[in-house]
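Just below is one structure, and these are the notes that go with it.
The values are calculated or read from the model by the stated rules, or taken from the named source; none is laboratory data. Since the model is a prediction, treat every value here as computed from it, not as a measurement. No Cβ is skipped: glycine too gets one built from the backbone with ideal geometry, and neighbour counts run over all protein chains shown. Side chains are part of the model used for accessible areas, which takes the heavy atoms of the whole protein and leaves out ligands, DNA and RNA. Shrake-Rupley method; radii C 1.70, N 1.55, O 1.52, S 1.80 Å.
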Amino acid sequence: QTCALPICNSCKAGTYLIQNKTACVTDCKQLVAYAPERKCICVGDSDCTDFLNSRCDRTTGTCLPCNTDEECFHVFSNTTGNCISNKCVPCPTNCIKCSGLALCTLCKENFNWDGNFCKFECPPGLTNISNSNCADVCGME
């Protein structure tokens, strides 16, 4: 291992250089361990799950900051986020698709945008009994 802290340039056999070159690890986690150069690389955007580095440069195998909202989809468990100032920012709670920091354009099922957040609404004939639970409550109007 060759390191001049805080930067490492190479790693000993059985370890791999992480993307920011600050350490050698035995497990590259979601990234691919590339044996010839002993470094952790990405092969697709889904390998880059950090909100600061969400897209893969397939030429260099390096995770880079986002350029578009689509490059943030996999970062937030398959709900959309926004790429704002090259950082992935999640949509508001109970929102599936958004634009900007707080404007939801599509709420989850049974949720409606009220101008501030996605508010839970029961289907007609049912009553909201707690949080997002609906029930047919006899005698209630």
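Quick look at the values:
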| item | result |
| --- | --- |
| Some residue of the stretch 28-39 being open to solvent by 40 Å² or more (accessible area, probe 1.4 Å) and touching an Asp or Glu at 6+ places or on another chain (Cβ under 6 Å) | yes |
| Cβ pairs under 8 Å, 6+ apart, first in the stretch 60-85 and at positive phi, second part of a loop (DSSP other than H, G, I, E, B) and modelled with pLDDT of 85 or more | G61/C42; G61/V43 |
| Long-range neighbours under 6 Å by Cβ, at least six apart or interchain, first residue over 18 Å from N86 (Cα atoms) within the stretch 37-50, second open to solvent by less than 20 Å² (accessible area, probe 1.4 Å) and assigned to a loop (DSSP other than H, G, I, E, B) | R38/C11; C40/C28; I41/G61; C42/C48; C42/G61 |
| Hey, N128 in a strand (DSSP E or B), open to solvent by 70 Å² or more (accessible area, probe 1.4 Å) and at pLDDT 70 or above or not | yes |
| Total residues in the stretch 11-27, condition loosely packed, with under 14 Cβ neighbours inside 10 Å and more than 17 Å from R58 (Cα to Cα) | 6 |
| Criterion: of a type in the set (D, E, K, R) and over 30 Å from N133 (Cα atoms) - qualifying residue of E71, E109 | E71 |
| Subset tally (residues that are open to solvent by 60 Å² or more (accessible area, probe 1.4 Å), at pLDDT below 80 and at positive phi) for the stretch 86-109 | 0 |
| Subset of the stretch 46-59 [open to solvent by 30 Å² or more (accessible area, probe 1.4 Å), within 21 Å of D27 (Cβ to Cβ) and either among the polar types (S, T, N, Q) or part of a helix (DSSP H, G or I) (or both)] | S46, T49, N53 |
| Lone unmet requirement of (1) under 30 Å from F120 (Cβ atoms); (2) at pLDDT 80 or above; (3) open to solvent by 50 Å² or more (accessible area, probe 1.4 Å) for S77 | (2) |
| Residue in the stretch 42-60 that is of a type in the set (A, V, I, L, M) and under 13 Å from the mean Cα position of the chain (by Cα) present | yes |
